[in-house]
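Below is one structure, written out as structure tokens, with a few remarks after it.
Please treat every number below as a calculation from the coordinates, not as lab data. Given the structure is predicted, the values throughout are model-derived calculations rather than measurements. Cβ coordinates were reconstructed from backbone atoms using ideal geometry, including for glycine residues, and neighbour counts include every protein chain displayed.
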Amino acid sequence: MLFSASALLAAAAFVGEAAAHGYVPFIRINGTTLPGWDVTKDGYTNPQPLRIVRATKADSGFVSNPTSGEITCSIGNSKLPPGPITASVAAGGTVTAVWNTWPTGHYGPIIDYIAKCPSSGCSSWKADSGSPWIKIGQKTYNGEWPSDTLAKNGFTHDIKIPKNLASGDYVRTPSSLI
């Protein structure tokens with residue numbers, strides 16, 4: 001997901017949603033539902049449709065090696081286009097990621113990260129080298145695993161955008177570590 005922030009406004013464009021057993025076909029921002037990447041059809045459509053979420057592989061985004069560059073939203077696959085759509089989100093606002101599914105019994109936390117893009121923008125930036133990512137949110141075990149809460153809540157996950165987000169464009173990703 002990509003954010004562009006000003007003093008009172010953070011613009012968000014979801015350029016990637018990393019998940020171990022699902023993908024994000026929709027994002028809800030400011031009451032509007034925006035199309036994410038649909039692994040069942042978007043990769044087979046020509047030309048590929050514009051989405052707010054970067055494309056994920058047809059295996060629902062599973063990344064077996066968490067130290068690989070592919071952990072950054074399947075960006076390691078050069079055949080996948082970036083997510084060119086952006087959206088505005090007020091600083092301190094909430095963005096909802098809507099997964100297609102999540103298997104119960106696959107326990108783990110949900111952690112949200114954000115990375116400020118270079119001055120050239122986010123559309124082709126991979127964010128897969130160095131240490132550009134900072135954690136902006138984390139849900140861990142609190143009597144129930146967040147992964148099970150995700151399934152019980154219709155596969156939705158709310159992400160709080162930091163109130164003090166510096167001006168600029170950002171990529172944001174939630175990760176489910178299972």
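List of remarks:
- Each Lys or Arg adds one and each Asp or Glu takes one away; over the other residues whose Cβ falls under 10 Å from the Cβ of Tyr107, this sums to -2.
- Taking 0.36 nm per residue of separation and subtracting the current Cα-Cα distance, fully stretching the chain between Thr94 and Leu50 would add 13.6 nm.
- Between Arg28 and Thr149, the C-beta separation translates, for a Förster distance of 22 Å, into a calculated FRET efficiency of about 0.80.
- Residues whose placed amide H lies under 5 Å from that of Gly168, excluding near-sequence neighbours: Ala5, Ser6
- Close amide H pairs (under 5 Å, H built 1.01 Å from N) link Ala55 with Gly83, residues at least 5 positions away or on another chain.
- Between the amide H of Tyr23 and those of Asn100, Thr101, distances stay under 5 Å, these residues lying 5 or more places away or on another chain, with hydrogens modeled in the peptide plane.
- Each residue of the stretch 114-130 was assigned a 3J(HN,Hα) from its phi angle through the Karplus curve 6.51 cos²θ - 1.76 cosθ + 1.60 (θ = phi - 60°); the sequence is 9, 9, 6, 6, x, 4, 6, x, 9, 4, 10, 6, 7, 6, 10, 9, x Hz, with glycine and proline shown as x.
- As a proxy for reagent exposure, Lys135, Lys126 were ordered by neighbouring Cβ count within 10 angstrom, fewest first; the result is Lys135, Lys126.
- Estimated FRET transfer efficiency (Thr156, Ser120; beta-carbon r; R0 25 Å; 0.05): 0.15
- Where labels lie 7 Å past Cα in the beta-carbon direction, separation of Lys163 and Asp128 in nm: 3.7 nm
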